[in-house]
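The values are calculated or read from the model by the stated rules, or taken from the named source; none is laboratory data. Keep in mind it's a predicted model, so treat the numbers as computed, not measured. Backbone-built Cβ (ideal geometry, glycine too); neighbour counts: all protein chains shown.
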Amino acid sequence: MNALQTDHSFGRTGRPNGSSRAMLQEAAAELFLEQGYRATNIEQITRRAGVSRNTFFNYFPAKSDLLWVEVDQILSGLPAALAAATATARPAETDAVGPVPTPVSIVRTALLALADEMAPGQVPWALTQYDLMGTTTELQASALPRFTVQADVLARSLEHQTARVAGDPLCRAFAAAVCAAVGVAALGWARSGVQRGSLAPSLASAIDPVCAGFDALLPTG
């Protein structure tokens, strides 16, 4: 069942706990389309999903988090993607095939690996139905804390790789710039319609100029 279909079995008892999250997403999508984001409250969502208010907060700290489920899931893998990219960039493993990857290129590899996990049909509905749902303002507001968290993850990784102090301005500047480029690429990809392919090529086109500009400035420490 997709996010825009209605299943009147939502009110049944004995539902597996693992299905409640999906039920809440589907109920929210239906209500946002029917009456708009602002006119929909958490009580209405939980009633439509057939779960309690406490169940809602077990999965989502706020109503706006329903707009980012797929994105948050992908972004939660950023630390692991950075660790994997770093592990494969060890000099002993790379000298035989070319130059040692730089800290910036490691970030690029990690971001493209995450992009490969976002399937063309996995686009968050909030990014494609924002006009109908009235989510534009909320998307902009709730995007900022996510941007800040991911930029901090990238900056700390760079500071470690380059042996720079915490809060290094250059590492922070690159992290903010590359996150902004990721956001632009992802939004354009999401809105490109059913003809969209993989996210990775669009992402590479957006972040490569940023990576090229900072690469020589952030050598390995």
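Tabulated data
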| read-out | value |
| --- | --- |
| For GLY221: the one exception among (1) more than 16 Å from THR109 (Cα to Cα); (2) in contact (Cβ under 8 Å) with a residue 12 or more places away in the chain; (3) assigned by TED's automatic domain parsing to the domain that holds ALA113 | (3) |
| Selection status of ALA173, under 30 Å from ALA62 (Cα atoms), out of contact with any helix residue (DSSP H, G or I) (no Cβ under 7 Å at 6 or more places or on another chain) and of a type in the set (A, V, I, L, M) | yes |
| Filter result (free of Cβ contacts under 8 Å to residues at least 12 places away in the same chain and either touching a helix residue (DSSP H, G or I) at 6+ places or on another chain (Cβ under 7 Å) or not assigned by TED's automatic domain parsing to the domain that holds GLY77 (or both)) within segment 123-158 | TYR130, THR136 |
| Any hit, segment 82-101, residues being surrounded by 17 or more Cβ atoms within 10 Å (Cβ to Cβ), touching a residue at least 60 places away in the same chain (Cβ under 8 Å), touching a helix residue (DSSP H, G or I) at 6+ places or on another chain (Cβ under 6 Å) and not β-branched (Val, Ile, Thr) | yes |
| Only one of GLN5, GLN25 that is at pLDDT below 80 and under 20 Å from GLU70 (Cα atoms) | GLN5 |
| Which numbered condition THR128 fails, given (1) within 17 Å of ILE74 (Cα to Cα); (2) over 14 Å from the mean Cα position of the chain (by Cα); (3) of a type in the set (Val, Ile, Thr) | (1) |
| Where a residue in segment 183-202 is in the same structural domain as GLN129 (by TED's automatic domain parsing) and its partner, wherever it lies, is at pLDDT 85 or above and of a type in the set (Phe, Trp, Tyr), with Cβ under 8 Å and at least six apart | GLY183/PHE147; ARG196/TRP189; LEU199/TRP189; SER202/TRP189 |
| Flag if PRO120 is without any contact (Cβ under 8 Å) to a residue 12 or more places away in the chain and out of contact with any Phe, Trp or Tyr (no Cβ under 7 Å at 6 or more places or on another chain) | no |
| Any hit, segment 192-207, residues being touching a Leu at 6+ places or on another chain (Cβ under 8 Å), closer than 14 Å to VAL104 by Cβ and not β-branched (Val, Ile, Thr) | yes |
| Hey, LEU67 modelled with pLDDT of 95 or more, hydrophobic (A, V, I, L, M, F, W, C) and touching a Leu at 6+ places or on another chain (Cβ under 7 Å) or not | no |
| Selection count, segment 34-54, where residues are surrounded by 14 or more Cβ atoms within 10 Å (Cβ to Cβ) and either at pLDDT below 95 or part of a loop (DSSP other than H, G, I, E, B) (or both) | 4 |
| Residues within segment 206-221 that are of a type outside the set (Phe, Trp, Tyr), in contact with a helix residue (DSSP H, G or I) (Cβ under 6 Å, 6 or more places away or on another chain) and not in a loop (DSSP other than H, G, I, E, B), tallied | 5 |
| Condition check for GLN140: under 15 Å from LEU66 (Cα atoms) and of a type in the set (S, T, N, Q) | yes |
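Residues are listed down the side, and each one gets a yes or a no for (1) part of a helix (DSSP H, G or I); (2) acidic (Asp, Glu):
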residue	(1), (2)
VAL100	no, no
LEU111	yes, no
ALA115	yes, no
MET118	no, no
GLU138	yes, yes
ALA141	yes, no
ARG146	yes, no
VAL153	yes, no
ARG156	yes, no
